[in-house]
Amino acid sequence: MIDLGQVQVRFTKTGVPRYRAMYDDARGRRQTAGTFATEKEAVAAWHAAEAEIAKGGLGDRRRGRQTFQTYVEKKWLPHQVLEATTRQDYTYKINKHLMGFFGPMRMCDILPEHVREWITEMQRKGASAATIQKCKRGILNSIFTTALNDQVISQHPSRGVRIPPVPKKPKKAITAEQFDGLYRALPDADSRLLVETIIESGLRWGEVAELRVKDLDFATRVLTVSRTVVELNPQFHPTQGRFLVKPYPKGKEYRRFKLSPQIVRKLKAHAVTRGLGEGDLFFTYLPVDQPKPRKLRPVPVPGAHGMTTANERGKSYDHGSLTAYTTGKCRCEYCQEAYRLYRGQRRATGKDNPRSPRVRQSDGHIPADWFRKQIWTPACKTAGLDHVTPHHLRHAHASWLLAGGADLQVVKERLGHASIATTEQYLHTLPNADETALAALEKIRGPQINEAPETSELDALKAENERLRAAFADVALALRPESRPHLSTA
């Protein structure tokens, strides 16, 4: 191979020369712009490549030939600045909704028509409009914008592509009566204090789960919200843990506001009773050591409950026997109980080593799903509330303040909203929020509504209508041509 500056010459097996155009990319690495039949074509190619780099062009066009999966997994995800929770959510959505469609495609081959095909495919699979919006606006747009800035692609394939509309649902807030029923249904004093703290402060779950004694000034009743905690899959945690404390709340801005005297008294008494220090959590995860109560099943008596269905060999076994469970593959309540008793007897004599019970990883923070399943959902069922989450307590806090006459700007700062338009969504969430408007409407229309005509007046109006109808009929008859001979003979 002969090096002629930016052109390399090589010969084929038959002795025919081939000219490879070489150039240096933006990092000074030697790249190729292609192989040509003449030296003139090769020189023109490397000149064009270097000119493209000089004006900020693509340079190495092979970058666009990498697949969507390679670019996302090797370039975009590892180096994109994302919150840990956002990275986890994006990874799940990319693998579930994007890789199957875009993964094998080359980045330079993806066009707006392919994005529209993907939207149609998502709709066919039953994906909601909100899911399509999150995947397209939040993830796909970001991937292609970064690729365009990195000069991997020359056009943005998802820009301008429309998605199904996402209806904006009204905020849901529980009433004071509903909260009282829920409060009474909670199982213990700690969970009641936790729920009452949320309704009194409007804190998000991550903020109340990370609430520490030092955050509340008992003398001034001022609460400082400066941190939040998120729960992650260990593979997305910096130290492979479960809980990650962020040194700032949502919106990355501290906020300070006062709490009512009664909730401050309760929190102070809770801290004193538990002997909590300045850096201790107000609310901690206390797993129950007692095993879960087993479902009571009838005592199995072999032969007393009939025979199992014949298997492939035509054999049947007595319900409630070990053979029926193992060989007959029967899973009725009698056979399951017989097998459970058999395993229990073996473990009692040391013949089997039982698997140690699963222990939830926690550094003291309350897992959100544990609280929802063990505390919140049973209490909601008892109180007769459906589709209510702990976050609805935050909605209720805002709604109650606004309904009580609190200033909109004060509520915005209290909740930590970035825009006052977000706070305004809570103005009409309670069932009686429009009572004032209806009262004003009734005040204006009241006289007309209440002064209904008497029966005699209605009869007089009906008679007058009949008289007018008859008069109009006579006029119409008189205007017909046959009734006017001087007009018909003209």
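The values are calculated or read from the model by the stated rules, or taken from the named source; none is laboratory data. None of the values given here were measured: they were computed from a predicted structure. Cβ sites come from the backbone with ideal geometry, for glycine too, and all protein chains shown count toward neighbours. When the accessible area is computed, the model is the full protein with side chains, heavy atoms only, and any ligands, DNA or RNA have been set aside. Shrake-Rupley method; radii C 1.70, N 1.55, O 1.52, S 1.80 Å.
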Eligible lysines near Lys315 by straight Cα distance, threshold 28 Å, same-chain separation 8 or greater: Lys329
- prompt: Counting only heavy atoms of protein chains, what accessible area per residue, in Å², does segment 45-170 have with a probe of 1.4 Å?
  reply: 57 Å²
- line: Length gained if Leu82 through Glu113 is fully extended, taking 0.36 nm per residue and subtracting the Cα-Cα distance, is 8.3 nm
query: With each pseudo-label sitting 7 Å past Cα toward Cβ, what's the Arg106-Val301 distance in nm, one decimal?
result: 7.7 nm
message: Could you give each residue of segment 324-341 its phi-based ³J(HN,Hα) in whole Hz, using Karplus coefficients 6.51, -1.76, 1.60 with θ = phi - 60°, and x for Gly or Pro?
response: 4, 6, 7, 8, x, 6, 8, 10, 6, 5, 6, 5, 5, 5, 4, 5, 5, 5
query: Which value in Å is the Kirkwood Rh of segment 122-193 over different Cα pairs?
result: 16.4 Å
- prompt: Calculated FRET efficiency, Arg340 and Thr284, Cβ-Cβ r, R0 41 Å, to nearest 0.05?
  reply: 0.75
- prompt: Tally Lys/Arg at +1 and Asp/Glu at -1 over every other residue whose Cβ is under 14 Å from the Cβ of Lys171; what's the total?
  reply: +3
- prompt: With labels modelled as points extended 7 Å from the Cα through the Cβ direction, what inter-label distance (nm, one decimal) is found for Trp370 paired with Thr35?
  reply: 6.4 nm
field: Formal net charge of residues neighbouring Thr38 (Cβ-Cβ distance under 15 Å; K, R +1; D, E -1)
entry: +2
message: Taking θ = phi - 60°, what integer Hz values does the Karplus form 6.51 cos²θ - 1.76 cosθ + 1.60 yield along segment 368-381, in sequence order, with x for Gly and Pro?
response: 5, 6, 5, 5, 5, 7, 8, 10, 6, 4, x, 5, 5, 5
statement: For Arg124, the net charge from surrounding residues (Cβ-Cβ under 14 Å; K, R +1; D, E -1) works out to 0
field: Nearest-0.05 FRET efficiency for Ala421 and Glu50, computed from C-beta distance (R0 41 Å)
entry: 0.20
query: How much solvent-accessible surface does Leu385 expose, in Å² to the nearest 10, with a 1.4 Å probe and all protein chains in place?
result: 20 Å²
query: Once the Cβ-Cβ distance between His237 and Thr349 is put in as r, and R0 is 56 Å, what FRET efficiency do you end up with, to the nearest 0.05?
result: 0.85
message: Taking amide H atoms as placed 1.01 Å from N in the peptide plane, list the residues 5 or more away in sequence, or in a different chain, whose amide H sits under 5 Å from that of Tyr285.
response: Gly364, His365, Ile366
message: I'd like the carbon and sulfur percentage of the solvent accessible area for segment 112-262, probe radius 1.4 Å, heavy atoms only, ligands and nucleic acids excluded.
response: 49 percent
Entries in Lys75/Lys246; Lys169/Lys252; Lys74/Lys169; Lys246/Lys412 that, when Cα-Cα distance is taken, lie over 30 Å: Lys74/Lys169
- prompt: How large is the dipole of segment 307-419 about the Cα centre if only Lys and Arg carry +1 and Asp and Glu carry -1, each at its Cβ, rounded to the nearest 20 debye?
  reply: 580 debye
message: Heavy atoms of the protein only, probe of 1.4 Å, neighbouring chains included. What is the accessible area of Cys108 in Å², nearest 10?
response: 60 Å²
- request: Describe numerically, in nm with one decimal, the distance between label points set 7 Å from Cα along Cα→Cβ at Asp25 and at Thr70.
  value: 1.1 nm
message: Run the paramagnetic zone check for Val166: 7 angstrom along Cα to Cβ, then residues of segment 100-132 with backbone nitrogen under 20 Å.
response: 115-132
task: Find, to one decimal place in angstroms, the Kirkwood hydrodynamic radius of segment 83-141, where the mean of 1/r is taken over every pair of different Cα atoms and then inverted.
output: 12.0 Å
- line: Hull volume per residue for segment 26-181, using the convex hull of the C-alpha atoms, in Å³ is 169 Å³
query: So how much slack lies between Thr145 and Ala127, counting 0.36 nm per residue of separation and subtracting their Cα-Cα distance, in nm?
result: 4.1 nm
